[in-house]
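Engineer: Below you will find the structure I want to go over with you.
The values are calculated or read from the model by the stated rules, or taken from the named source; none is laboratory data. Fair warning: this is a prediction, and the values are worked out from it, not measured in the lab. All Cβ positions, even for glycine, are placed from backbone atoms using ideal geometry, and neighbour counts span all protein chains on display. The area values use the complete protein model at the heavy-atom level, side chains included, leaving out ligands, DNA and RNA. Shrake-Rupley method; radii C 1.70, N 1.55, O 1.52, S 1.80 Å.
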Amino acid sequence: IERDAVLRKNYKIHVRGDNLPSPLLNFAELSTRYGCEPYILHNLRELGFKEPTPIQRQAIPVLLSGRECLASAPTGSGKTLAFVIPMLMKLKQASKDGIRAVIMCPTRELAAQTSRECKKMAKGNKFRIKLMTKELLKNADFSRRPCDILISTPRRLQIAIRKKKIDLSRVEYLVLDESDKLFELGLLKQIDSVVKACSNPSVVRSLFSATLPDKVEELARTVMHDAVRVIIGRKNT
Ligand code: ADP
Ligand code: MG
């Protein structure tokens, strides 16, 4: 509709895909349109975040509507919350059903940073959010402890899978964060084994990146179903 086109133009949101959900007008729509629990809006207020960033305006509704997403937006434009907010909303509550969401980051530092951001936004809910560390990998009963969201580099995840330390068969959300770097670092094999281990047929995959080279998009589309592409600004810049 017209309103969507105007919003997208104003925020330089470029989309490709069928049946695209409207971009968010404001954070309040998370509640009025999607019935989010109050803790999310509370945390956004506490952090002083008044307006969604352009990538958040479009990627959040795409993921909330259950669509897979290929997203590209400049560094520092709020991509983390663009996938963390819909993930928390979809998971609803902590559960003991095993790992339900996995976020892959290219480096340990980025994984640690993402984990902190995720915990800040989850405050007030009881989600168990875990950063995969060396210690955790060695921990014998890691697999028996409840974990809702697991954040890791592909390398450590691959080791954990190989050692049968984790079961990813119930993962509902899989995010490849900073995927341009993931591919640059040559982590393709590791990523592939994680994608395969997330064998739940209804898993929703998404890819967030500063740039979206054609090669990466082609590769991603071989495993994604009907993904929506969201680009902020110009492609590849
Ligand atoms: P990116 O992954 O796109 O490089 P980040 O997700 O790391 O960016 O976000 C960059 C910074 O912007 C972080 O400090 C984050 O807390 C902040 N931020 C995220 N969303 C908003 C918002 N809606 N308003 C203001 N600041 C935000
Ligand atoms: Mg980021």
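Engineer: Just to check your reading of the model, which residue among Asp192, Asp141 is at pLDDT below 90 and either within 23 Å of Pro74 (Cβ to Cβ) or of a type outside the set (Val, Ile, Thr) (or both)?
Structural biologist: Being at pLDDT below 90 and either within 23 Å of Pro74 (Cβ to Cβ) or of a type outside the set (Val, Ile, Thr) (or both) holds for just one of Asp192, Asp141, which is Asp141.
Engineer: Residues of the range 1-42 being farther than 18 Å from Glu68 by Cβ, surrounded by 11 or more Cβ atoms within 10 Å (Cβ to Cβ) and basic (Lys, Arg), which ones?
Structural biologist: Arg8, Lys12, Arg33
Engineer: Can you report the number of residues in the range 81-94 which are surrounded by 23 or more Cβ atoms within 10 Å (Cβ to Cβ) and not aliphatic (A, V, I, L, M)?
Structural biologist: Summing the residues that are surrounded by 23 or more Cβ atoms within 10 Å (Cβ to Cβ) and not aliphatic (A, V, I, L, M) in the range 81-94 gives 2.
Engineer: Can you name the helices (runs of 4 or more DSSP H) wholly within the range 95-207 that have at least 3 residues being open to solvent by 60 Å² or more (accessible area, probe 1.4 Å)?
Structural biologist: Correct list: 108-122, 134-138, 188-197.
Engineer: Now for a separate question. Can you confirm whether Arg67 is touching a helix residue (DSSP H, G or I) at 6+ places or on another chain (Cβ under 8 Å) and away from ligand 1 (no atom under 16 Å from the Cβ)?
Structural biologist: So Arg67 fails the test.
Engineer: A further question follows. Suppose we filter the range 62-79 for residues that are in a helix (DSSP H, G or I) and surrounded by 24 or more Cβ atoms within 10 Å (Cβ to Cβ); how many remain?
Structural biologist: 3
Engineer: So, one more: Test each condition in (1) modelled with pLDDT of 95 or more; (2) out of contact with any Phe, Trp or Tyr (no Cβ under 7 Å at 6 or more places or on another chain) for Val175 and report the one that comes out false.
Structural biologist: Going through (1) modelled with pLDDT of 95 or more; (2) out of contact with any Phe, Trp or Tyr (no Cβ under 7 Å at 6 or more places or on another chain) one by one, Val175 breaks only (2).
Engineer: Can I ask one more? Please count how many residues of the range 20-57 are within 12 Å of ligand 1 (Cβ to nearest atom), in contact with a Pro (Cβ under 9 Å, 6 or more places away or on another chain) and in a loop (DSSP other than H, G, I, E, B).
Structural biologist: Residues flagged as within 12 Å of ligand 1 (Cβ to nearest atom), in contact with a Pro (Cβ under 9 Å, 6 or more places away or on another chain) and in a loop (DSSP other than H, G, I, E, B) within the range 20-57 amount to 4.
Engineer: Can you tell me which residue among Ser72, Ser115, Ser95, Ser77 is under 24 Å from Ile161 (Cα atoms) and within 16 Å of ligand 1 (Cβ to nearest atom)?
Structural biologist: The match here is Ser115.
Engineer: Looking only at the range 48-57, which residues are within 16 Å of ligand 2 (Cβ to nearest atom) and either polar (S, T, N, Q) or open to solvent by 30 Å² or more (accessible area, probe 1.4 Å) (or both)?
Structural biologist: Phe49, Thr53, Pro54, Gln56
Engineer: Something else: If you take the residues of the range 74-103 that are of a type in the set (Gly, Ala, Ser) and in contact with a helix residue (DSSP H, G or I) (Cβ under 8 Å, 6 or more places away or on another chain), which of them is farthest from ligand 2 (Cβ to nearest atom)?
Structural biologist: Going through the qualifying residues, I end up with Ala101.
Engineer: Please determine whether any residue of the range 104-115 is within 16 Å of ligand 2 (Cβ to nearest atom), within 24 Å of Pro21 (Cβ to Cβ) and either of a type in the set (Phe, Trp, Tyr) or at pLDDT 95 or above (or both).
Structural biologist: For the range 104-115, residues within 16 Å of ligand 2 (Cβ to nearest atom), within 24 Å of Pro21 (Cβ to Cβ) and either of a type in the set (Phe, Trp, Tyr) or at pLDDT 95 or above (or both): absent.
Engineer: So which of Lys119, Lys96 is charged (D, E, K, R) and under 29 Å from Ala28 (Cα atoms)?
Structural biologist: The conditions single out Lys119.
Engineer: Please count how many residues of the range 186-226 are hydroxyl-bearing (Ser, Thr, Tyr) and either touching a residue at least 60 places away in the same chain (Cβ under 8 Å) or within 16 Å of ligand 2 (Cβ to nearest atom) (or both).
Structural biologist: Within the range 186-226, residues that are hydroxyl-bearing (Ser, Thr, Tyr) and either touching a residue at least 60 places away in the same chain (Cβ under 8 Å) or within 16 Å of ligand 2 (Cβ to nearest atom) (or both) number 3.
Engineer: So is Arg221 open to solvent by 30 Å² or more (accessible area, probe 1.4 Å) and part of a helix (DSSP H, G or I) or not?
Structural biologist: yes
Engineer: Something else: Scan the range 227-237 and tell me whether some residue there is surrounded by fewer than 19 Cβ atoms within 10 Å (Cβ to Cβ) and under 17 Å from the mean Cα position of the chain (by Cα).
Structural biologist: No, that holds for no residue.
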